Amino acid sequence: MNRLHSASPADDAAEADTGFFLHGFQQASTSEAPYVLWSQRRKAIHAQLLAPADPATALRMVWAQDAALSMLQSPFIDQMVQYLEFYQVPAGQTLIQQGELGDYLLIVLSGQVRVDRQLANGQSVHLADTHPGEVLGEMSLFDSSPRFSSCTTTTDCALAVLKADTLDAMMELDASTAAYLLALFTRKLSTRLRQTSARIEP
């Protein structure tokens, strides 16, 4: 099952299907938080579809120096790329907006993304400038909660996109790959939350 394809109106219809992750967003969409699909966001940020010659090698290269994701073995990466879509996004585009709901996570393959959080007192805190290999938006994808921070491209970026409905398909069709991937993403998320808490707390 090859998920590397150009997004189309059929994708919007497919996103109406119910799975574990997508169902969580359908329930959460009754809240006041805006619900933004990747099919909507990609148009707003002028994302252009990419067709990398060897996407598995690209992922292996950017994850090679990551303590958590470097543990993802080559056969699992080869399987995972079938469920990803790849895009080029210009600089100055908001990939993720704090407070919204979203049905996707992003993997930075090249370029830089700025991550900021608006605090309740109105202060904006700069959390990070990402590097290739970083995963963005996974927390909201996992727990169907509003986005914790905003992510904006500061350079042209190549991104891999994993959507909620596609993750549901991976869990159904390739459960071992999905479980391994989720475990590593969760470990990486835990590390990032510790770092973020240390940065925000006085």
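The values are calculated or read from the model by the stated rules, or taken from the named source; none is laboratory data. Since we're looking at a predicted model, the values are computed, not measured. Glycine gets a Cβ as well: all are built from the backbone with ideal geometry, and neighbour counts include every protein chain shown.
How many of the residues making up region 74-90 are in a helix (DSSP H, G or I), under 19 Å from residue 132 (Cβ atoms) and either of a type outside the set (A, V, I, L, M, F, W, C) or touching a His at 6+ places or on another chain (Cβ under 9 Å) (or both)?
1
Which residues, taken from region 30-52, are among the charged types (D, E, K, R) and either in contact with a Leu (Cβ under 6 Å, 6 or more places away or on another chain) or free of Cβ contacts under 8 Å to residues at least 12 places away in the same chain (or both)?
Quick first cut of region 30-52, residues among the charged types (D, E, K, R) only: 32, 41-43.
Passing the criteria: 32, 43.
With respect to residue 164, determine if the residue is modelled with pLDDT under 95 and under 17 Å from residue 80 (Cβ atoms). Reasoning before the result, please.
Values: modelled with pLDDT under 95: yes; under 17 Å from residue 80 (Cβ atoms): yes.
Here the answer is yes, as residue 164 does meet what is asked.
Residue by residue through region 115-127, note down the ones that are touching a helix residue (DSSP H, G or I) at 6+ places or on another chain (Cβ under 8 Å), among the hydrophobic types (A, V, I, L, M, F, W, C) and in a strand (DSSP E or B). Walk me through it before giving the result.
Initially, region 115-127 is screened for residues touching a helix residue (DSSP H, G or I) at 6+ places or on another chain (Cβ under 8 Å), giving 117, 119, 125, 127.
After this cut, where a residue has to be among the hydrophobic types (A, V, I, L, M, F, W, C) as well, the list is 119, 125, 127.
Correct list: 125, 127.
For region 91-114, check the following and say yes or no: at least one residue is modelled with pLDDT under 95, buried (at least 16 other Cβ atoms within 10 Å of the Cβ), touching a Leu at 6+ places or on another chain (Cβ under 8 Å) and assigned to a loop (DSSP other than H, G, I, E, B).
yes
Suppose the filter is in contact (Cβ under 8 Å) with a residue 12 or more places away in the chain, within 16 Å of residue 181 (Cβ to Cβ) and crowded, with 19+ Cβ neighbours inside 10 Å; does residue 166 pass it? Can you show your working first?
Details: in contact (Cβ under 8 Å) with a residue 12 or more places away in the chain: yes; within 16 Å of residue 181 (Cβ to Cβ): yes; crowded, with 19+ Cβ neighbours inside 10 Å: yes.
Taking the combined requirement at face value, the residue satisfies it.
Out of curiosity, is residue 68 more than 20 Å from residue 40 (Cα to Cα), surrounded by fewer than 21 Cβ atoms within 10 Å (Cβ to Cβ), touching a Gly at 6+ places or on another chain (Cβ under 9 Å) and of a type outside the set (Phe, Trp, Tyr)?
On the way: more than 20 Å from residue 40 (Cα to Cα): yes; surrounded by fewer than 21 Cβ atoms within 10 Å (Cβ to Cβ): yes; touching a Gly at 6+ places or on another chain (Cβ under 9 Å): no; of a type outside the set (Phe, Trp, Tyr): yes.
Judged against the criteria, residue 68 is not a match.
If I filter region 130-161 down to residues being modelled with pLDDT of 95 or more, outside any loop (DSSP other than H, G, I, E, B) and of a type in the set (S, T, N, Q), which single residue comes out as farthest from residue 60 (Cα to Cα)?
Looking at the filtered set, the residue picked out is 150.
Scan region 134-148 residue by residue and report those that are buried (at least 20 other Cβ atoms within 10 Å of the Cβ) and either β-branched (Val, Ile, Thr) or touching an Asp or Glu at 6+ places or on another chain (Cβ under 9 Å) (or both).
Residues satisfying the conditions are 134, 135, 140, 141, 147.
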